[in-house]
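The values are calculated or read from the model by the stated rules, or taken from the named source; none is laboratory data. Model, not experiment: these values are computed from the prediction. In this analysis, Cβ positions are derived from the backbone assuming ideal geometry, glycine residues included, and neighbour counts consider all displayed protein chains. Accessible surface is based on the protein model in full, side chains and every heavy atom, while ligands, DNA and RNA are left aside. Shrake-Rupley method; radii C 1.70, N 1.55, O 1.52, S 1.80 Å.
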Amino acid sequence: MGAPNHADQLRNHWYWRPGWGIGTRFYYWHLTWDGKSELHRLVDDYQAVLAPVAGLDPIPRPWLHMTLQGIGFSNEVPDDQLAELIERARSALSGLRSIPARFDRLRIYSEALALEPEPAESITALRQTLREVTAEVIGEAPGRDGFTPHVSIAYVNTDQPAAATVAAVESISPEPAEETIGAVTLLEQHRDNTRYEWRTITTLPLL
């Protein structure tokens with residue numbers, strides 16, 4: 001992997017997107033990272049060196065995630081429609097194998113600091129499958145067609161130049177993390193506490 005293409009300027013991630021506010025709940029397909037000790041070790045390495053940098057909110061281990069596909073606001077998706085989506089997704093994923101992923105250097109986006117897995121192709125294909133199933137059941141698949149798989153480790157909470165953050169990230173070269181993606185999670189997410197938190201609806205395993 002070559003040197004990451006870092007942002008030059010950071011901006012506050014925590015503005016309210018359209019339709020969002022305290023109490024809002026939204027269904028998503030995510031990858032979550034419970035028990036992924038190698039990824040946790042790499043996240044710890046980067047979060048430790050970033051601790052002195054102002055304007056960043058590190059993400060605790062229980063809330064590390066990779067967003068694959070939005071589904072809809074929970075008050076707009078009926079229970080029977082959600083149940084149908086789960087069953088169709090279960091069928092669509094039934095023949096897919098677990099996905100190996102390697103996480104290496106941290107990339108600084110304008111609103112978040114994230115690890116990008118390699119290779120990305122299988123994760124992108126997994127996301128496309130979920131996007132198609134979601135569109136079939138819900139009638140649309142929220143979000144953009146473009147997709148860059150990533151696991152954020154911190155969000156930006158203050159508009160500021162990126163120089164100090166870049167310097168901290170580039171000051172270490174931790175060992176990469178090798179993990180296996182063995183399941184997809186459907187969850188109901190909120191951001192009431194200036195972080196993304198959720199309750200799990202169901203987990204669908206890969207082979």
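The Cα-based radius of gyration and maximum Cα-Cα distance (Dmax) for the chain are 17.2, 51 Å. Ligands, DNA and RNA left out, the accessible area of segment 75-157 computed with a 1.4 Å probe is 45% carbon and sulfur. Accessible surface comparison of TRP29, TRP198, probe 1.4 Å, protein chains only, largest first: the order is TRP198, TRP29. Relative contact order, whole percent, for the chain stands at 38, derived from Cα pairs under 8 Å and 6 or more residues apart.
Taking a 1.4 Å probe, which of PHE103, PHE26 shows the most accessible area, and what order do the others take after it?
Accessible-area ranking of PHE103, PHE26, largest first: PHE26, PHE103.
Taking label points 7 Å from Cα along the Cα-to-Cβ direction, ALA183 and ARG17 give a separation of 2.5 nm. Once both labels are positioned 7 Å from their Cα atoms along Cα-to-Cβ, the gap between ARG88 and THR200 label points is 2.5 nm. Take the Cβ atoms of GLU140 and LEU96, set R0 to 22 Å, and the FRET efficiency comes out at 0.40.
Only protein heavy atoms count here; on that basis, with a 1.4 Å probe, ARG199 has an accessible area of about 130 Å².
Residues LEU126, LEU56 ordered from highest to lowest accessible area at a 1.4 Å probe: LEU56, LEU126. Could you please state, rounded to a whole Å, how far the C-alpha centre of segment 25-56 is from the C-alpha centre of segment 147-166? First find each Cα centre; the distance between them is then 12 Å. Taking segment 12-32 and a reference point 7 angstrom along Cα→Cβ of ASP192, the backbone N atoms nearer than 11 Å belong to 22-25. Relative to the Cα centre, the charge distribution of segment 14-115, modelled as +1 at Lys and Arg Cβ and -1 at Asp and Glu Cβ, gives a dipole magnitude of about 320 debye.
If you count only protein heavy atoms and use a 1.4 Å probe, how large is the accessible surface of VAL133, to the nearest 10 Å²? For VAL133, solvent-accessible area is about 10 Å². Heavy atoms of the protein chains alone define the surface here; on that basis segment 90-204 has 45 Å² accessible area per residue at 1.4 Å probe size.
Given charges of +1 on the Cβ of Lys and Arg and -1 on the Cβ of Asp and Glu, with all other atoms neutral, how large is the dipole of segment 93-207 about its Cα centre, in debye to the nearest 20?
The calculation lands at about 120 debye.
Result for the chain in a Gaussian network model with C-alpha springs under 10 Å: among PRO18, PRO52, PRO142, the largest mean-square fluctuation is at PRO18.
In the assembled protein chains, GLU76 presents an accessible area of approximately 130 Å² (probe radius 1.4 Å).
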